[in-house]
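Remarks on the structure that follows.
The values are calculated or read from the model by the stated rules, or taken from the named source; none is laboratory data. Bear in mind that the values here come from a model prediction, so they are computed numbers and not experimental data. For neighbour counting, all protein chains shown are included, and Cβ atoms are generated from backbone atoms with ideal geometry for every residue, glycine included. Just so you know, the surface numbers come from the protein's heavy atoms only, side chains and all, with ligands and any DNA or RNA stripped out. Shrake-Rupley method; radii C 1.70, N 1.55, O 1.52, S 1.80 Å.
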Amino acid sequence: MVYSGFIVARLTRIRNSAHSKSHNPVLTALNGDFTHRTLMTKRALLLMVVLALVTLGELTTATPVQDHSTPTQRATDLRGTVNNQQGEPVAGALCTVTGGLLASAGISTKTDSKGQFVVPGLAPGGYTLTCAALGYQPVVQRGMQLTGDVVSVQVILTTGNVLRQRVEVRGAPSAVTQQSTAPPATLSSQELFTLPLAEQKFEAALPLIPGVVRTPNGKIGIKGQVESQGMLLVDSAETVDPVTGSFTIDVPVAAIESLNVYKTPYQAEYGGFSGGLTSIQTKPPSGKWDFDLYDFMPDFRGKSGHLVGIADVKPKLYLTGPLWQNKLNFSEVFTWGVIKQPVRGLAWPRNETKTQGFTSFTNFQYILSNRQLLTVSVDVFPLRREFADINSLVPQPASSNYGQRGYTVAVTDRYLSPSGGILTTLLKYTRFSSYAHGQGPQEMLVTPNGWGGNFFNSWTRKADQEEALESFRLPAKQWRGQHEVTLGGDFVHRSYHGNSFSRPVLLERSDGSLAERIDFMGPASLAAKETELAAFAQDHWALNTQAALDLGLRVSGQTIGARSAWGPRLGLLYSPGGNGRTVFRAGAGIFRDRVPLLASSFTQNPVRVVRLFDQHEMPLGSPQVLRNAYGNADRKTGAPLGSSHDLGSTPYNLTWSVEIDRDLRPGLVARVSYLSSRTYKQFVIDPQVVGPATSLLLLSNTGENRYRELEATLRFRPKEGSELNISYVHSRAEGDLNSLAQVFVPFEQPVIQPNLFAASTFDVPNRLITWGTFRVPWQITASPVIDLHTGFPYSNVDVLQNYVGEPNRQRFPTFFSIDVKLTKDFRVPGIPWVKQHKLRGGLSIYNITNRANPRDVFNNISSLFFGHFVGDQHRFFEGDVDLVF
């Protein structure tokens, strides 16, 4: 099977369909019409062709290496134990397996309290194992040959590089220059279960990462930008809502091997975002049958010292094993939940958001040979959430419901060429359908004391996304050091259709009189589609045992957006002496975002008609018609553009950073870093008056976002089995307030204010985040999280929702919370089929000090409660029981 021809074949198929009736810029480009609407430049196409030719040459002309594989070769579970020189287990050590048919980043896992780790489902082949822990030097074992069954290794960490695997091997090469110049912040599967998370979802763990914040309304901000301007990768494939870019496709926590957050991903293989990058590596299936059962006991609701029913039911099952011995392994993670989340500030029982749904993540791994591995994963994720956006000022009747259903199917093939290069082919299809609607047909009320009536807007969307990615990692080359070169190309096509319907919105004064009425013309039918092609080349160049460079270039083009865009990346790593005790890192890069489909369909939204009224509810002047239109920052004339294609731009981000890591003493590592990030040409919405009766609701590419961050982190291991992470972040986030994501995601705003540049909703100048794991008496593991930060910003407004004073100048009180989770393991006697398992009981306590951390405020100057904070978050408890291996 010749995988190197994948990209060429894809381009050929697109070119051969160029005579279809619809005019598509991609088809025009591939037929030689390189006009201003061309998707890719000649250089980009040439790079993709070179990729195919290089890959083909590697597969056909490389010196043959005898293949000793036999039909009996099987997947291997690599198990290991990490100890120190005194023979004590080292908990929390990070062990990474690379090589074989794994992706370039490999698989990373952390040791448990006994210093043990396991990496299941490795195809036969040669691998490299790297283990590192606080206070110890990295240890490397190269040339590990896995041929089947279970392989056990013992790793001894010392102040020097020593690895023992049956026999002691001294003088292992330094692992410093094998590291990335911008490594991610990583949370392991074990930490996702042992840390106190209010929701058992990966999104709830993201704020544990310095530089990641979560606002009271649930929005995630990474590097000062909302999640929809970032990217979520699951096993290297895009896994976001194709329409909005939000992280709404759930990946069960039980399926996650590691969660990685990149603020500065200087590798050129990553693209399609201007914010942060979140990458999830799922657990590979095992060749041995095993299962875990999580949280199978319901959570009961207490009220005034009495039980008043069941609050949550959220069991999770993990099952893995061989379907065809030595050839086909399988894993299934199934979660089902009915969750009633209370919101403080509203009266019980009408104060709950109700969520119901399930997620099924199925993974198949087929070992074709010791040179080829095929993986197929299927993710199904229906969900329904009632009263999704309630808070102290938005009661249930005025809120919106949200629902989604869909699935993803991903196929990944990895082939090891005779010369040692790895060809990876990834195909993924996503079907994502979603809807939102209010609680009834009443008109929506916006009053000084909050919302009333029923939410005004309802919509349905049905989206599809196809992704194809091919990359080839060349064998390591020696020239003035060691080069690890990767070439690749990516194809993404997204489309959706749907509708939007809005009822009137009434703005009332404090005496109940009508101040403004907003009507909507239509229902509206919405549709958009977009195609993106990208090619990249990157090189990890280990100059010597002390220094390494990451050099990369990414070229991309979109049918709505920039036809050709360049994204150079550069990263530097330097370790004096090469021993890893001190590491300097620096880098800079340009990151090109994708154009939201909501931008392409913007003018199809219902037109707003605004009427103002005096104190006696008499009309003031003529109604203002806000016609939806596009405008380009590069045009000198104020005339609106005909379509989103005429914008011709894609948001892009320029980031640079410097960092120093230092081992202060055994068990104590310090990090100090500075990051600067600026995003340009963001899509923003701004009402503009054109004439006495006509105005424009203008979508333009004039938006900008700025973020600066100084981080200081201490990682401390006071004793084996204990770990403490302390991070202080001083940051500044500012930008245009009316970005497309802020106005339309997840729900459309009833009143659209004039756009202004100010502190963003993610602006938290000072934050101290601390978390860790400790062994306490009675063999109990305590995992505390301490969060102390400046209060989030908010704006004062008047009756018409216009800003009063500088936007986002006001602040909530300082936030302070201590959460802790206590876990203890118990053996299960007398049940043969679970004799290798143990019961793990957990008790989580949130906001131990019971500090009043308000989440809402009366910010309307006409309200009798103006300036009062409400929605205090009180102390609460949560328990869970797991059955784990």
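How would you order 411-420, 340-349 from highest to lowest mean count of nearby Cβ atoms within 10 Å?
Highest-to-lowest ranking by the protection proxy: 411-420, 340-349.
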Which three lengths, in whole Å and largest first, does the stretch 689-782 cover when its Cα atoms are put on their principal axes?
-> 75, 27, 17
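Provide the FRET efficiency to the nearest 0.05 for the R79-V376 pair, computing r from the beta carbons and using R0 = 30 Å. Mind dumping the intermediate values first?
Working: r = 25 Å, r/R0 = 0.85.
Once rounded, the FRET efficiency stands at 0.75.
From the protein chains alone at 1.4 Å, what is the descending order of accessible area for E443, E227, largest first? Walk me through the numbers before you get to the answer.
On the way: E443 70, E227 30 Å².
Heavy-atom accessible area, descending, gives E443, E227.
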Once label points are set 7 Å from the Cα along Cα→Cβ at both Q356 and Y429, what is their separation, rounded to one decimal in nm?
-> 3.0
At each listed q (0.18, 0.22 Å⁻¹), what is the log10 of I(q)/I(0) that the Debye formula gives for the stretch 489-626 modelled as equal alpha-carbon point scatterers?
-> -1.01, -1.18
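If packing is taken as the mean number of other Cβ atoms within 10 Å per residue, what is the order of 474-483, 781-790, 854-863, 487-496, highest first? Please report the intermediate quantities before stating the final value.
On the way: 474-483: 12.9, 781-790: 18.0, 854-863: 19.5, 487-496: 22.8.
By packing density, highest mean first, the sequence is 487-496, 854-863, 781-790, 474-483.
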Angle, helix 42-61 long axis vs. longest principal axis of the chain, Cα atoms, 0 to 90°, nearest 10?
-> 20
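The stretch 186-299: Rg/Rh from Cα coordinates, Kirkwood Rh? Display every interim value, and only then the final one.
On the way: Rg = 14.7 Å, Rh = 15.1 Å.
Result for the stretch 186-299 is an Rg/Rh of 0.98.
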Dipole magnitude (debye, nearest 20) for the stretch 330-435, charges at Cβ of Lys, Arg, Asp, Glu = 140
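Might you report the magnitude of the Cβ-based charge dipole of the chain about its Cα centre, with Lys and Arg at +1 and Asp and Glu at -1, to the nearest 20 debye? Numbers along the way, then the final one.
On the way: 84 positive and 72 negative charges, 249 e Å.
Charge dipole of the chain: 1200 debye, to the nearest 20.
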Using a 1.4 Å probe on heavy atoms of the protein chains only, the accessible area for E659 in Å², nearest 10, reads 40
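So for the chain: antiparallel DSSP bridges make up what percent, rounded to the nearest 5? Numbers along the way, then the final one.
Numbers: 328 of 353 bridges.
Here the share of antiparallel DSSP bridges comes out near 95 percent.
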So what does R503 come to for accessible area, using a 1.4 Å probe and Å² rounded to 10?
-> 40
How many nm is it between the label spots at H874 and K838, if each spot is 7 Å from the Cα in line with the beta carbon?
-> 3.6
Given the alpha-carbon gyration tensor of the stretch 175-234, what are the semi-axes of its equivalent ellipsoid in whole angstrom, ordered largest first, with each equal to the square root of 5 times an eigenvalue?
-> 22, 17, 10
Compute the distance in nm between two label points, each set 7 Å from the Cα along the Cα-to-Cβ direction, one at W324 and one at A670.
-> 5.7
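Using 0.36 nm per residue of separation minus the Cα-Cα distance, give me the extension gain between V338 and F296 in nm, one decimal. Walk me through the numbers before you get to the answer.
Working: separation 42, 0.36 × 42 = 15.12 nm, distance 1.25 nm.
Contour length minus the Cα-Cα distance gives 13.9 nm.
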Take every Cα-Cα distance within the stretch 409-505, group them into 10 Å bins from 0 onward, and report for each bin the whole-number percent of pairs it holds.
-> 13, 23, 18, 14, 13, 11, 7, 0
Please report, in Å, the Rg and the Dmax of the stretch 202-247, where both are computed over Cα atoms only.
-> 10.6, 30
For a paramagnetic label modelled at 7 Å from the Cα of L788 toward its Cβ, which residues of the stretch 848-885 fall within the zone defined by backbone nitrogen distances under 17 Å?
-> 848-853
Given that compact globular proteins tend to follow 2.2 N^0.38 Å, what is the ratio of the alpha-carbon Rg of the stretch 549-667 to that value?
-> 1.85
Per principal axis, largest first, the Cα atoms of the stretch 313-463 extend in Å by 71, 29, 23
With every protein chain in place, the stretch 636-739: carbon and sulfur % of accessible area (1.4 Å) | 58
FRET efficiency, 1/(1 + (r/R0)^6) with R0 45 Å, evaluated for F816 and R627 via beta carbons | 0.40
Could you look at the stretch 313-466 and say what percent of its accessible area is carbon and sulfur, using a 1.4 Å probe and all protein chains?
-> 59
Largest-first ellipsoid semi-axes for the stretch 465-509, taking √(5λ) over the Cα gyration tensor eigenvalues, angstrom | 53, 17, 4
Given the convex hull of the Cα atoms of the chain, what is a quarter of its surface area in nm²?
-> 37.5
Heavy-atom accessible area of D872, protein chains in place, probe 1.4 angstrom, given in Å² to nearest 10, is 50
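Tally up the carbon and sulfur contribution to the accessible surface of the stretch 542-594 as a whole percent, 1.4 Å probe, everything protein left in place. Provide the component values of the computation, followed by the final result.
Details: 1150 of 1730 Å².
Summing carbon and sulfur atoms, their accessible area is 67 percent of the total for the stretch 542-594.
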Taking only the C-alpha atoms, wrap a convex hull around the stretch 601-736 and report its volume per residue in Å³ as a whole number.
-> 208
Cα axis of helix 6-16 to longest principal axis of the chain: angle in degrees, 0 to 90, nearest 10?
-> 40
Just for the Cα atoms in the stretch 750-871, what are the lengths along the principal axes, largest first, rounded to whole Å?
-> 69, 29, 29
Which is farthest toward the positive dipole end of the stretch 238-394 among T353, T335, V261, measuring Cα position about the Cα centre, with Cβ charges +1 (Lys, Arg) and -1 (Asp, Glu)?
-> T353
Rounded to the nearest whole Å², what accessible area per residue is found for the chain with the 1.4 Å probe?
-> 40
How much FRET efficiency would the formula 1/(1 + (r/R0)^6) give for S419 and S152, where r is the Cβ-Cβ distance and R0 is 30 Å, rounded to 0.05?
-> 0.45
